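Chemist: Submitted below is the structure of interest, expressed as structure tokens.
The values are calculated or read from the model by the stated rules, or taken from the named source; none is laboratory data. Everything numeric here is computed off the predicted structure, so don't read it as measured data. All Cβ positions, glycine included, derive from the backbone under ideal geometry; neighbour counts span all protein chains shown.
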Amino acid sequence: MDPFSTPYMQRALLAVVLLAIAGGLFGAWIALRRLAFFTHAVGTATFPGLVIAGPAGIAAPVAALGAALVYTAGLARLLRDGRLGADAATGLLLVAALAIGSILAGDVFEAGAGVDRLLFGTLLGLSETDLWLAGAVAALAVACTALAGRTWLATGFDPGGARALGVRSGLGDWLLLAMLALAVVAALPAVGALLVSTLLVVPSATARLLASSMRGLLGGGVALALGEGIGGLWLADAVNLPPGPAIAVLGGAVFGVVALARAAA
Amino acid sequence: MTLIDVSGLVTGYGNGSPALSGVTFALGEGQALAVLGPNGGGKTTLLRVLLGELPVLAGSCRVAGRPAYVAQSGRARLDFPVSALDVVLMGAYARTPAWRRLRRAERTRAHAMLERVGMDAQAGQRFGALSGGQRQRVLIARALLQDAPLLLLDEPFTGVDRTSEAGLLAILDELRAEGRGLLVSTHDIEHARRWDLVLCVNGAQVAFGPPADALTAHALHATYGEEMVSIDGETVAVHSHGCG
Amino acid sequence: MLELLDSELLRRALAEVVLLGVVCGPLGVWILHLRHTYAAESLAHAMLPGLVLASLAGAPLVLGAAGGIIAAALLIALAARDRRIGSELAVAVTVGALFGLGVALALAPDTPAKLSELLFGDPLGASYGDLAVAAGLGLVVLVALGAGGRALRVTAFDAASARSLGVSPGRTSGALLVLLGVAIVASVQGLGNLLVLALLVAPAAAALRASDRLAVQLRLAALLGALAGVGGMELSYVADVAAGPAVALVACAFAVLASLWPGRRDGVVRRGPIEGLAGGR
């Protein structure tokens with residue numbers, strides 16, 4: 001029986017396709033600008049926001065975005081006097097967010113299943129809002145790639161030279177971070193707070209192993225994200241898992257195979 | 001006694017092309033050797049292979065004992081919480097087994113070495129809070145505490161003011177008089193002229209010998225290429241303080 | 001606070017978290033000085049499949065933790081070698097895949113493993129055996145740190161000169177990572193694999209901020225770690241929240257408070273937002 005014939009699966013499929021487009025495109029810059037850890041951290045940081053969204057009567061994406069902003073602001077503050085390294089500051093606030101989220105969840109959710117959904121995503125519970133958000137982020141990804149891509153690329157390879165461009169590159173960087181925050185928030189319903197990297201980081205990393213041009217990286221990233229996303233959905237339905245872990249395992253396997261093939265070649 | 005004996009040395013970072021090749025020279029006790037070369041030309045590579053950090057890809061490289069190494073002071077972590085005295089005491093680590101505390105005698109000796117470089121008053125200050133010249137002197141005090149017959153110094157005069165520089169030169173002369181061997185990488189050709197031997201490198205050995213033999217216009221041109229400038233008949237190497 | 005000593009269960013849990021705090025504190029100081037936080041986070045996340053398999057098989061968690069962390073370390077080391085995409089990205093992918101695998105293994109079977117305890121810890125579930133193992137492993141870590149103090153100092157401060165001082169920076173870093181693995185294995189019962197980073201990084205971060213002398217930093221981190229354990233257990237009891245996250249939260253609070261304290265500014269280089277976030281790797 002075709003798993004994609006049920007309405008919930010069709011909705012999940014649409015969500016994943018849209019998220020794959022966003023993930024494969026934004027993922028190129030996450031890979032090039034070394035933002036993989038940061039992306040994962042922002043995703044994780046939304047956890048407390050997601051937990052209190054329901055009880056506080058705030059829409060989940062809004063609460064998640066709020067949490068992401070608080071996290072990023074806190075990180076910027078910690079990094080300001082340069083005493084704590086970026087990794088340490090990112091990790092510290094990440095674990096604080098997890099602890100806060102876990103404590104709040106103990107109050108909000110009686111059983112563990114509710115928390116699982118926030119952390120790892122859901123096949124069944126995607127709403128229309130989630131789809132609209134995914135679509136908006138996909139559209140933003142395409143627009144940004146066309147318009148801002150060159151700035152992001154230039155800054156990535158030559159920060160000194162880009163600095164000579166002055167204000168422009170600073171704004172460009174903030175734009176990229178803002179886009180990443182939105183992409184992360186859009187991915188949360190499908191893959192969960194702990195596994196946003198499955199669509200935003202892993203496919204592009206694999207594409208990076210294969211592609212030598214920017215176009216190849218972008219196209220390859222989207223193609224792999226689509227394949228891994230759809231395949232992961234099928235796997236999730238078959239084995240009764242949330243989509244997040246299923247896509248993660250598939251994405252990791254693909255990466256592993258490609259990496260091994262390259263090493264052997 | 002020969003402290004360094006290198007013949008046909010080829011070394012690199014293990015990812016393809018060698019960083020330095022064709023190096024042949026020797027250094028004995030009481031001799032000071034200046035290594036000249038442009039940025040990226042292989043001076044630090046040479047020091048590292050002499051320390052045993054880099055592989056000998058071809059040729060031979062024999063070094064007597066464990067040399068003391070004075071790295072460029074900017075390479076140390078300046079925000080690490082150590083005092084000047086702590087840094088000097090590191091010179092005693094190699095000869096003290098891990099389970100034994102450093103003996104009092106070592107502390108006394110460390111203070112004496114700091115005194116010798118004129119830094120004893122700053123013994124308790126954080127290393128990172130000292131000036132460039134002061135840090136350089138503390139690193140030399142550390143090398144002195146090691147009491148090694150051979151000292152390798154990596155651009156010890158870079159970023160050091162004139163007064164400190166004179167003091168540094170005086171210490172190096174003392175060490176030479178004591179019978180130690182010195183190998184100093186430098187950009188300053190005038191320094192090189194006052195020592196016993198000069199080695200010019202630029203990816204490969206260009207010249208080696210006493211200053212009169214090695215510091216010919218031809219050799220300097222081959223070493224520094226575009227970075228050469230002639231002023232009043234005196235050739236001077238102009239090196240760009242690299243931004244990268 | 002004395003009510004924490006009332007029952008055997010609470011006493012054991014308190015002993016467990018205080019012990020972990022005392023061990024992870026000084027270890028964390030070295031982790032920060034040698035810039036191994038990313039490695040710490042990665043190892044902790046990536047060991048999850050080992051924990052889940054042990055839990056499903058009914059085997060001691062420590063064994064699963066040890067197996068999981070060795071497997072994780074090997075795969076991460078392999079991934080980090082890839083020249084094309086750089087070690088940070090390769091490690092991120094490997095960690096994500098392993099963590100996802102762990103979750104998949106935990107949730108797929110008919111009787112799922114108790115994932116939330118594996119992730120967030122369960123000090124109240126610690127047995128005397130767990131406590132003994134944690135104490136033993138903790139002792140190993142502390143003794144090793146003491147013996148390796150000089151090597152660590154040189155490696156952190158001046159790796160370029162290390163060889164001439166009789167220290168191998170590569171081996172010292174490697175040994176520290178092994179100790180990190182041991183500490184994570186010891187801490188999994190109390191804090192879970194997601195929150196162990198809190199005790200490793202937070203007390204140390206506060207200590208580094210508070211003092212300019214290494215010996216003080218090490219002792220202060222141990223003290224703060226212990227206090228985080230006590231404070232966390234108290235918070236858990238009073239506010240009726242899970243113990244593991246409470247300890248993690250108190251530890252992080254110490255670090256955040258310390259960072260807000262007006263302190264010396266050592267001439268920081270201004271960088272663009274992404275260079276700052278990407279850590280200048």
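Chemist: Could you list, in sequence order, all residues of the range C:61-77 that are within 16 Å of residue C:106 (Cα to Cα) and not hydrophobic (A, V, I, L, M, F, W, C)?
Modeler: Those that are within 16 Å of residue C:106 (Cα to Cα) and not hydrophobic (A, V, I, L, M, F, W, C): C:64, C:68.
Chemist: Among the residues in the range C:121-130, are any in a helix (DSSP H, G or I), more than 19 Å from the chain's Cα centre (by Cα), within 30 Å of residue B:80 (Cβ to Cβ) and of a type in the set (A, V, I, L, M, F, W, C)?
Modeler: no
The rows are residues; the columns are (1) at the interface with chain C (Cβ under 7 Å from one of its Cβ atoms); (2) at pLDDT below 95.
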site: A:210; (1), (2): no, yes
site: A:217; (1), (2): no, yes
site: A:225; (1), (2): no, no
site: A:237; (1), (2): no, yes
site: A:241; (1), (2): yes, yes
site: A:251; (1), (2): yes, no
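Chemist: To continue, here is another question. Scan the range A:123-145 and report the pairs whose first residue is in a helix (DSSP H, G or I) and whose second residue is β-branched (Val, Ile, Thr) and surrounded by fewer than 21 Cβ atoms within 10 Å (Cβ to Cβ), with Cβ atoms within less than 8 Å and a gap of 6+ or a chain change.
Modeler: Pairs that qualify, where the first residue is in a helix (DSSP H, G or I) and the partner is β-branched (Val, Ile, Thr) and surrounded by fewer than 21 Cβ atoms within 10 Å (Cβ to Cβ): there are none.
Chemist: Can I ask one more? Just checking, which of B:51, B:46 is more than 8 Å from every other protein chain (Cβ to nearest Cβ) and either crowded, with 19+ Cβ neighbours inside 10 Å or within 17 Å of the chain's Cα centre (by Cα) (or both)?
Modeler: Only one candidate qualifies: B:46.
Chemist: Kindly indicate whether any position in the range A:94-115 is within 19 Å of the chain's Cα centre (by Cα), at the interface with chain C (Cβ under 7 Å from one of its Cβ atoms) and at pLDDT below 90.
Modeler: Scanning the range A:94-115, I find at least one residue that is within 19 Å of the chain's Cα centre (by Cα), at the interface with chain C (Cβ under 7 Å from one of its Cβ atoms) and at pLDDT below 90, so the answer is yes.
Chemist: Tell me which helices (runs of 4 or more DSSP H) are completely within the range C:1-113 and hold 3 or more residues being crowded, with 19+ Cβ neighbours inside 10 Å, in contact with a helix residue (DSSP H, G or I) (Cβ under 9 Å, 6 or more places away or on another chain) and of a type outside the set (A, V, I, L, M, F, W, C), or say none if there are none.
Modeler: Hits in the range C:1-113: C:8-33, C:37-46, C:48-57, C:86-107.
Chemist: Do we find a residue being within 14 Å of the chain's Cα centre (by Cα) and modelled with pLDDT of 90 or more anywhere in the range B:69-79?
Modeler: Yes: one or more hits.
Chemist: Which of (1) away from chain A (no Cβ under 14 Å); (2) surrounded by fewer than 21 Cβ atoms within 10 Å (Cβ to Cβ) does residue C:154 not meet, given it meets every other one?
Modeler: Of (1) away from chain A (no Cβ under 14 Å); (2) surrounded by fewer than 21 Cβ atoms within 10 Å (Cβ to Cβ), only one is false for residue C:154: (2).
Chemist: Name, by its number, the condition in (1) assigned to a loop (DSSP other than H, G, I, E, B); (2) over 18 Å from residue C:83 (Cα atoms) that does not hold for residue A:212.
Modeler: (2)
Chemist: Out of (1) within 16 Å of the chain's Cα centre (by Cα); (2) under 29 Å from residue A:146 (Cβ atoms), the odd one out for residue A:220 is which?
Modeler: Unmet for residue A:220, out of (1) within 16 Å of the chain's Cα centre (by Cα); (2) under 29 Å from residue A:146 (Cβ atoms): (1).
Chemist: Does residue B:59 satisfy the condition of being more than 20 Å from the chain's Cα centre (by Cα) and touching a residue at least 60 places away in the same chain (Cβ under 8 Å)?
Modeler: In short, no.
Chemist: OK, next. The conditions are (1) touching a residue at least 60 places away in the same chain (Cβ under 8 Å); (2) of a type in the set (A, V, I, L, M, F, W, C); (3) within 12 Å of another protein chain (Cβ to nearest Cβ), and residue B:87 fails exactly one of them. Which is it?
Modeler: (1)
Chemist: Which numbered condition trips up residue B:35, out of (1) buried (at least 23 other Cβ atoms within 10 Å of the Cβ); (2) of a type in the set (A, V, I, L, M, F, W, C); (3) within 14 Å of another protein chain (Cβ to nearest Cβ)?
Modeler: (3)
Chemist: If you go through the range C:131-171 one residue at a time, how many are assigned to a helix (DSSP H, G or I), under 21 Å from residue B:45 (Cβ atoms) and of a type in the set (D, E, K, R)?
Modeler: 1
Chemist: Follow-up question, since we're still on this one. Give the residue that is farthest from residue B:143 (Cα to Cα), with candidates limited to residues of the range B:54-71 that are more than 8 Å from chain C (Cβ to nearest Cβ) and part of a loop (DSSP other than H, G, I, E, B).
Modeler: The residue in question is B:55.
Chemist: Oh, and also: Across the range B:8-20, what is the number of residues that are closer than 19 Å to residue B:184 by Cα and surrounded by fewer than 20 Cβ atoms within 10 Å (Cβ to Cβ)?
Modeler: 0
Chemist: Within the range B:136-189, can you find the residues that are without any contact (Cβ under 8 Å) to a residue 40 or more places away in the chain, over 22 Å from residue B:28 (Cα atoms) and part of a helix (DSSP H, G or I)?
Modeler: B:137, B:162, B:163, B:164, B:165, B:166, listed by residue number.
Chemist: Additional query: Just checking, which of C:136, C:121 is over 24 Å from residue B:101 (Cβ atoms) and out of contact with any helix residue (DSSP H, G or I) (no Cβ under 8 Å at 6 or more places or on another chain)?
Modeler: C:136
Chemist: Just for the range C:61-93: of the residues that are under 19 Å from the mean Cα position of the chain (by Cα) and among the β-branched types (Val, Ile, Thr), which one is farthest from the other protein chains (Cβ to nearest Cβ)?
Modeler: Selected residue: C:62.
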